[in-house]
Amino acid sequence: MSIASSLHNATTGLTATARAVQVASANVANVLTPGYAARRLDLASSSLGGAGSGVRIAGVTRIVDPVVLGLHRDAGASTAASTYAQTFWQSVETAMGLPDKGVSAALSAFESALISASERPDLDNRLSRIVETGAALASTLATVEDRVQTLRVEADAQIARDVDTVNNGLVEIDKLNDQIVKMRLSGQSTLGLEDERQALIGRLSEIVPIKEYPRDHGRVMIYSASGRLLLDTQPATLAFSPTVAIDASMNVGVELSGLTINGQAVSTSETGPLGGGRLAAAFTARDIDAVSAQSQIDGYARDLIARFADPATDATLAGAVGFFTDNDAPDTGLPGLAGRLSVNSLVDPANGGALWRLRDGIGAAVAGPVGDATRINAMLGALERVISSGPGAPLQDSATTLGAILADISTERQWAENGATTARTRLDTLTEAMLEQGVDTDAEMQKLLLIEEAYAANARVIQTADAMIRTLLEL
């Protein structure tokens, strides 16, 4: 080997070690940077005319396991969806109140007022207490309805935000694709842009589970987990129209907006083309879970109206409405009854009614004996009477009917909570796996020691070659 070739080999070695120091220092500096993928310097032997010609830098590679990355994104989507469902059902459960609170407490207070009045039906303050607690029970149900519909509005707003985020994110990924292609074709490094793109895709995956597929020159295609194309040469456009106010009568496809992709309507269910993430969970909360919760509280309001409109409770009604009404009218059967439930104005002095009708019958023509508690006991019996709250519903008293509703809501909350816990555990496990593939500072320090030794060795070769040349020149 000639002195010149030795100098060339050592020079390429110094160049390679200098680049290795740059890569290692960048890894250490970005150890806490979200979305940063560790770099690895790839070296290859160089030859010229069949003879060794030092070392060449083959490139710098981002260390990413696509399988773990894909699983991590799916886990992030599941966690976001299950957490949203958990929060929704916790809010509904809180609004309904646990046993001895909320609706249960209001029902107990109403029943206690009836018992108290049955003991002294001649006392107006005890009769007034029946009206007050009955109105409080109706108001509590209305509060629950307000909370359920507020949750629908919040879900609608969350959908609008997520749709905007996805649209903007797809446009940004498309721009990054173009920049990566241009920079690769011009021979420039695109590692930083690839980190940025990976982090952006990760954020979008919480909203809609995403799969990416590589294309030429560093470009990627984006699909939803179900296979719906979201980005190739052009980003797809999601469209959604938010609604400011929602009531119990509003349904998707009529008053409430659905979702379109490039102008085509798509299913918004968990099994739809964009299911599996927070977007589908918000649609489920708005269009399915909230509607189910509303139906249950409406069913209980309907049960109360039916119990007190029964001739066995008050034979004087003659087809008129009983103690509980649908805004002073018979039950219309329309959604939102829980919000319209009210005490019959005929027994409410504040609305021109008379308290003696509680004792003598709402439809009575004149007041009867003040000591007769028959009607009040019948009202108390209405709560204890075993009837069906609807077609196919079991025979139950009022407290048991309410308890079944509370149990159903608590079960939904528990299922959502269990799902969220499982999803978070899976996400934490995959996050650890991702971190294990990230920057290992101990390993980087060891690499720096090896780089230092290699640099010193190459420098020594240059010093030796320099000394040999000086000796030859002195001859």
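The values are calculated or read from the model by the stated rules, or taken from the named source; none is laboratory data. From a predicted model like this one, the values you see are computed outputs, not experimental measurements. Ideal geometry is used to build each Cβ from the backbone, glycine not excepted, and the neighbour counts take in all protein chains shown. Surface areas here come from the heavy atoms of the whole protein model, side chains and all, with no ligands, DNA or RNA. Shrake-Rupley method; radii C 1.70, N 1.55, O 1.52, S 1.80 Å.
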Could you say whether any residue in region 403-419 is at pLDDT 90 or above, part of a helix (DSSP H, G or I), within 31 Å of the chain's Cα centre (by Cα) and among the hydroxyl-bearing types (Ser, Thr, Tyr)? yes
Do we find that residue 260 is in contact with a strand residue (DSSP E or B) (Cβ under 8 Å, 6 or more places away or on another chain), touching a residue at least 12 places away in the same chain (Cβ under 8 Å) and buried (at least 19 other Cβ atoms within 10 Å of the Cβ) in this structure? no
For residue 427, are the conditions met, namely being surrounded by 13 or more Cβ atoms within 10 Å (Cβ to Cβ) and in a helix (DSSP H, G or I)? yes
Restricting to region 2-15, name every residue that is among the hydrophobic types (A, V, I, L, M, F, W, C), in contact (Cβ under 8 Å) with a residue 12 or more places away in the chain and surrounded by fewer than 20 Cβ atoms within 10 Å (Cβ to Cβ). 3, 7, 14
What about residue 361, is it in contact with a helix residue (DSSP H, G or I) (Cβ under 7 Å, 6 or more places away or on another chain), modelled with pLDDT under 95 and not polar (S, T, N, Q)? yes
Checking 162, 195, 146 in turn, the sole residue that is acidic (Asp, Glu), in contact with a Leu (Cβ under 6 Å, 6 or more places away or on another chain) and assigned to a helix (DSSP H, G or I) turns out to be 162
So which residues in region 168-197 are open to solvent by 30 Å² or more (accessible area, probe 1.4 Å) and in contact with a Ser or Thr (Cβ under 7 Å, 6 or more places away or on another chain), if there are any at all? 183, 184
Just one listed residue, out of 290, 329, 318, 309, is at pLDDT 90 or above and in contact with a Gly (Cβ under 8 Å, 6 or more places away or on another chain), and it is 309
Looking at region 288-398, what helices (runs of 4 or more DSSP H) fall wholly within it and have at least 3 residues that are under 19 Å from residue 114 (Cβ atoms)? 290-309, 356-360, 374-384
Could you list, in sequence order, the residues of region 198-225 that are in a helix (DSSP H, G or I), open to solvent by 40 Å² or more (accessible area, probe 1.4 Å) and at pLDDT 90 or above? 203, 206
Of 438, 403, 368, 419, which residue is in contact (Cβ under 8 Å) with a residue 24 or more places away in the chain and closer than 30 Å to residue 126 by Cα? 403
May I ask you to say which residue of 43, 69 is open to solvent by 60 Å² or more (accessible area, probe 1.4 Å) and either at pLDDT below 90 or within 30 Å of residue 425 (Cβ to Cβ) (or both)? 43
Given the conditions (1) more than 30 Å from residue 193 (Cβ to Cβ); (2) modelled with pLDDT of 80 or more; (3) not acidic (Asp, Glu), and given that residue 52 satisfies all but one, which numbered condition is not satisfied? (2)
Screening 247, 289 for residues that are open to solvent by 10 Å² or more (accessible area, probe 1.4 Å), closer than 27 Å to residue 79 by Cβ and in contact with a helix residue (DSSP H, G or I) (Cβ under 7 Å, 6 or more places away or on another chain) leaves only 289
Please indicate, with yes or no, whether at least one residue in region 370-389 is in contact with a Phe, Trp or Tyr (Cβ under 9 Å, 6 or more places away or on another chain) and more than 30 Å from residue 308 (Cβ to Cβ). no
Among the residues of region 344-373, the number that are in contact with a Gly (Cβ under 9 Å, 6 or more places away or on another chain), of a type in the set (Val, Ile, Thr) and open to solvent by 30 Å² or more (accessible area, probe 1.4 Å) is 0
Since residue 386 meets every condition but one in (1) touching a His at 6+ places or on another chain (Cβ under 9 Å); (2) modelled with pLDDT of 85 or more, which condition does it not meet? (1)
Kindly indicate whether any position in region 443-464 is open to solvent by less than 50 Å² (accessible area, probe 1.4 Å), in contact (Cβ under 8 Å) with a residue 60 or more places away in the chain and over 30 Å from residue 5 (Cα atoms). yes
Identify, please: which residue in region 139-154 is farther than 21 Å from residue 280 by Cα and among the acidic types (Asp, Glu) and is, among those, surrounded by the fewest Cβ atoms within 10 Å (Cβ to Cβ)? 146
By residue number, the members of region 229-240 that are outside any strand (DSSP E or B) and buried (at least 17 other Cβ atoms within 10 Å of the Cβ) are 236, 240
